[in-house]
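What follows is a set of notes on a single structure, which appears directly below.
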Amino acid sequence: MTVDEHSLIDFITSQRWFGSKTRSVTHATLVDRAVLRETDPALELQLVETRFDTGTHETYQLLVDGGLDALGDPRQVRELVHMIRGGAKLPAGEGVVEFAAVEGFAGLGQELREARQITAEQSNTSVVFDEELILKVFRRLEAGINPELELLRFLSERDFPHIAPIAGWFQYEGRLMDATLGVLQEYLAGATDGWDLALDALASDPEAFLAEVHALGVVTGEMHSALGSEASDPAFAPEEPSGEAISILTATIDEEIERIFVELPEDEALDPIRGRGQDVQERLQVLASVGAGGRMIRTHGDYHLGQTMLADRGWVILDFEGEPARPMSQRRLKRSPLRDVAGMLRSFSYAAAGSGILRGAPPPEEWEDRARATFMDGYFETVDTALLPPGDEATRKLLAIFELEKAVYELRYELNNRPDWVAIPVAGIARLLESNGGS
């Protein structure tokens, strides 16, 4: 099954999961393939390399059945689940595609009947089967094990209860690269997305949601404690931060502050921080006096309300693949767990503002402050304190550095993508300027 290069380029660059829309694709080449089904309609898994005018390239995964991509057809995606169940191992031109199932996973023994694609997916393609299993297929491939598979296996093996357990996966090994192709998990039927839950609660019963926020803090602390619990596994063993860790981090943030404050456009929403770039940089230096502390561990890497769901069994944490825009090597780095915490605190800011923007229901005064404090109370109840800097002040200063890093990133993102939301990171930066401590 082959398609002419121009049609292949047009197809890939038009997809939501294509991650380099601002760059020009000059070539698209089929670099490897594996036959999943030889009988009509034949089905192939294909790896396609796109080359850009800059000389760089990316590799994408397609499932082809005569058209350009069968991953949009849930009936064809069933074949991947069947392969996982059977532990198939298929030859490719330059390597092998291996499928593996988790022994004893209850949902794998049933015949698949209904299937539907998750339409909100951006960088991957996910299909739900019988409201019991969900298969996430990674579109853009990078060398190395995907953190989604790596962390889910680690946490599943330790019976961590606040994830959707992994049922299986498939991967490519070959001359081109070794890469994770997809993961199969339990599907949380009836669970509520954390972001939607927050917006609904803020419009109806803001107080009730604060109890759930405390529970989310507890679960987050448990997650970090579990991820930092295995000293014998080099990929997960907690590490001491280097003596230069804080200096390197703050230098990176400082450069970004320098760039973005020079470029601020005319917009009233930016007035609270306009001309205050040096103030922000000075605040950063005060916070950086914390020095190194705590431990570096594997973390979630892209933690916010939209990566959580509230199910019958409590909070469940999803999507461990990290920030899709970061290279795989960076997503697998060990970091302070407080970076995840900062992401969730910033998510409360977005929920508070989003309630007014999206639902016309501004939250009660002080709700965000209470949500932050409630989450942190729950977090400190359960997290292994050896993972944090010694003492409350040092912990809160390091947390504030990560919050500033996140808010500066958000400022650039909103200026480029959602100008109507720019007041949210502006308020976060202003909060840090006005804060006397690290809280």
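The values are calculated or read from the model by the stated rules, or taken from the named source; none is laboratory data. Predicted model only: the values in this text are computed from it and were never measured. Methodologically, a virtual Cβ is constructed for each residue, glycine included, from the backbone with ideal geometry; neighbour enumeration extends over all protein chains shown. When the accessible area is computed, the model is the full protein with side chains, heavy atoms only, and any ligands, DNA or RNA have been set aside. Shrake-Rupley method; radii C 1.70, N 1.55, O 1.52, S 1.80 Å.
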Roughly how much of Ile401 is accessible, in Å² to the nearest 10, using a 1.4 Å probe?
-> 0 Å²
In Å³ per residue, the alpha-carbon convex hull of the range 131-241 encloses 161 Å³
Residue-by-residue Karplus 3J(HN,Hα) for the range 246-262, coefficients 6.51, -1.76, 1.60, Hz, glycine and proline x | 5, 4, 5, 4, 5, 5, 5, 5, 4, 5, 5, 4, 4, 5, 6, 6, 6
Could you work out how far helix 392-417 tilts from the main Cα principal axis of the chain, as a 0 to 90 degree angle to the nearest 10?
-> 60 degrees
Residues of the chain: accessible area per residue with a 1.4 Å probe, Å² | 44 Å²
Can you list the HN-Hα couplings for the range 184-195, worked out from phi with the Karplus curve (6.51, -1.76, 1.60; θ = phi - 60°), rounded to whole Hz and with x for Gly and Pro?
-> 10, 9, 5, 9, 8, 5, x, 6, 10, 4, x, 5
Would you be so kind as to identify which of Pro364, Gln117, Leu176 lies farthest towards the positive end of the dipole of the chain, taking Lys and Arg as +1 and Asp and Glu as -1 on Cβ and the Cα centre as origin?
-> Leu176
Given only helices, namely DSSP H runs of n ≥ 4 each adding -39500 (n - 2.57), what is the per-residue ellipticity at 222 nm of the chain, to the nearest 500 deg cm²/dmol?
-> -13000 deg cm²/dmol
Taking the Cα centre of the range 308-439 as the origin and placing charges on Cβ (Lys, Arg +1; Asp, Glu -1), which of Gln330, Met309, Gly354 is farthest toward the positive end of the dipole?
-> Gln330
Calculate the all-directions average of the projected area of the range 160-300's alpha-carbon convex hull, and give it in nm².
-> 14.8 nm²
If you take the Cα Rg of the range 202-251 and divide it by 2.2 N^0.38 Å, with N the number of residues, what do you get?
-> 1.80
Let me know the charge dipole size of the chain about its Cα centre in debye, to the nearest 20, where only the beta-carbon of Lys, Arg (+1) and Asp, Glu (-1) is charged.
-> 500 debye
Isotropic mean projected area of the C-alpha convex hull, the range 11-138 (nm²) = 8.6 nm²
Which of the GluC sites (Glu not before Pro) found in the range 23-102 are in a DSSP loop and have at most 16 neighbouring Cβ atoms, other than their own, within 10 Å?
-> Glu38, Glu94
Column: log10 I(q)/I(0), Debye, Cα scatterers of the chain, q = 0.06 Å⁻¹ | -0.28
With the full set of protein chains in place, find how many percent of the accessible area of the chain is carbon and sulfur; take the probe as 1.4 Å.
-> 49 percent
With Cα atoms, 0 to 90° folded angle of helix 338-359 axis to the chain main axis | 90 degrees
If Lys and Arg each add +1 and Asp and Glu each add -1, what is the summed charge of the other residues whose beta carbon sits under 12 Å from the beta carbon of Lys397?
-> -1
If r is the Cβ-Cβ distance from Arg359 to Glu111 and R0 is 45 Å, what FRET efficiency results, to the nearest 0.05?
-> 0.60
Might you work out the accessible area of Leu310 for me, using a 1.4 Å probe with all protein chains in place, and round it to the nearest 10 Å²?
-> 40 Å²
Could you give me the percent of Cα pairs per 5 Å distance bin for the range 326-439, shortest bin first, beginning at zero and ending with the bin that holds the maximum distance?
-> 2, 10, 19, 23, 19, 15, 8, 3, 0
